[in-house]
Each structure stands twice: as structure tokens, then as C-alpha cells.
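In what follows, a single structure is set out as C-alpha cells and then discussed.
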Amino acid sequence: MSHNDDDSSDLGPAGQSKLESFLFSCELSSKVPFYTFQGDEEEDLEHFLELRTVCLGEGAKVESNVVEVTAMNHQGKTISVPIANLHLSCLPMVSLGDFELKAPVTIRLKAGTGPVTVSGLHLIASQDEESDLSDEDDEDDDEEEISPIKPAKKKQKQ
């Protein structure tokens, strides 16, 4: 499933980057205690994981379920951080807002047996192929006159 606002969002000046987003979800349990999110190895693409919710699934026991993520920090070092401590009786779900991490990211069920579902968005940033053409168009724009914006005319009632 893909969610796009006008098929792309601008990340840089003059629309040089395109951003696509796709639904992401994984389930952690004692049988599958971790999931590693990795992007494609293409040079012109950057992959991000935007985590939104962490919630207990059907059949969860009354116990603490601790979920942690492992990713790179700003210095390029791997760091692990707990993001949720879920309990069936008092906190079955956590909303993380827009918790964005650059791939690769490992999500781990540090404690508990789950099941725990982690969901969010897989974001892919790519260089816009039209960015080379925009430089040529900018030269033409300088020569054209820009007309002022006029207010819309009101429809007359009949």
C-alpha cells in the first residue's frame, strides 16, 4: 500500500528529491524476537523507517513486553534504545508520533513473549530525475515576465 501526497514531497531546494511512503508492519514474539529493516542497496535511494505505534497482539500474556530499536546515531555508532514497555492490564499500546530512523534498523522484543505489532511507514527518498532539466528551465524563467496574481471573480447569483 502506498500513501503519497501528490505522488511526491519536496525534500530539497527546487524539488530535487522525491519522497514515497509505504505502510510498514512487523510482529515480534518469542518465536520471532527481532526484525531488521534494510533498504535496497541502490545509491540514489535513502530508506527511512518512521515508527508510529507499538501494540500488544491477540493472545498476549499479562507480562511486561519491552521493545527496543537498534540503529546508528549521529556519530555513526550503533545504539540500542527501548521504545516501549507494554503491559496488557495498563498499557497495551504506545503511540510514538513520527519516530524516524535511517536504515538499517533492528526492532527487538527485549523482554516478554508478545505478540507485539510495530507499525509505521517505510519512507524512500530518491533524487528527482527532472532536477537536471530544472536548471535549463530556470534560465528561460528569467527572460519571461511574471504577471501579478489576480483575485478570482465571484459568480453572480441568478
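The values are calculated or read from the model by the stated rules, or taken from the named source; none is laboratory data. Here the structure is a predicted model, which is why all the values come from computation and not from measurement. No Cβ is skipped: glycine too gets one built from the backbone with ideal geometry, and neighbour counts run over all protein chains shown. Surface accessibility is based on the protein's heavy atoms, side chains included, excluding ligands, DNA and RNA. Shrake-Rupley method; radii C 1.70, N 1.55, O 1.52, S 1.80 Å.
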(request) Among the candidates Glu42, Glu46, single out the residue that is surrounded by 10 or more Cβ atoms within 10 Å (Cβ to Cβ), part of a strand (DSSP E or B) and charged (D, E, K, R). (result) Glu46
(message) Take the residues in region 14-39 that are surrounded by fewer than 13 Cβ atoms within 10 Å (Cβ to Cβ) and assigned to a loop (DSSP other than H, G, I, E, B); name whichever of them is modelled with the lowest pLDDT.
(response) Gln38
(message) If I filter region 99-110 for residues that are under 30 Å from Lys31 (Cα atoms), open to solvent by 90 Å² or more (accessible area, probe 1.4 Å) and modelled with pLDDT under 95, do I get at least one hit?
(response) yes
(request) Give Val94, Val62, Val81 a once-over and let me know the one that is farther than 28 Å from Lys18 by Cβ, assigned to a loop (DSSP other than H, G, I, E, B), out of contact with any Pro (no Cβ under 8 Å at 6 or more places or on another chain) and free of Cβ contacts under 8 Å to residues at least 60 places away in the same chain. (result) Val62
(message) Can you find a residue that is modelled with pLDDT of 95 or more and surrounded by 15 or more Cβ atoms within 10 Å (Cβ to Cβ) anywhere in region 1-9?
(response) no
(request) Return yes or no: is Leu51 within 14 Å of Ser119 (Cβ to Cβ), within 16 Å of the chain's Cα centre (by Cα) and open to solvent by 30 Å² or more (accessible area, probe 1.4 Å)? (result) no
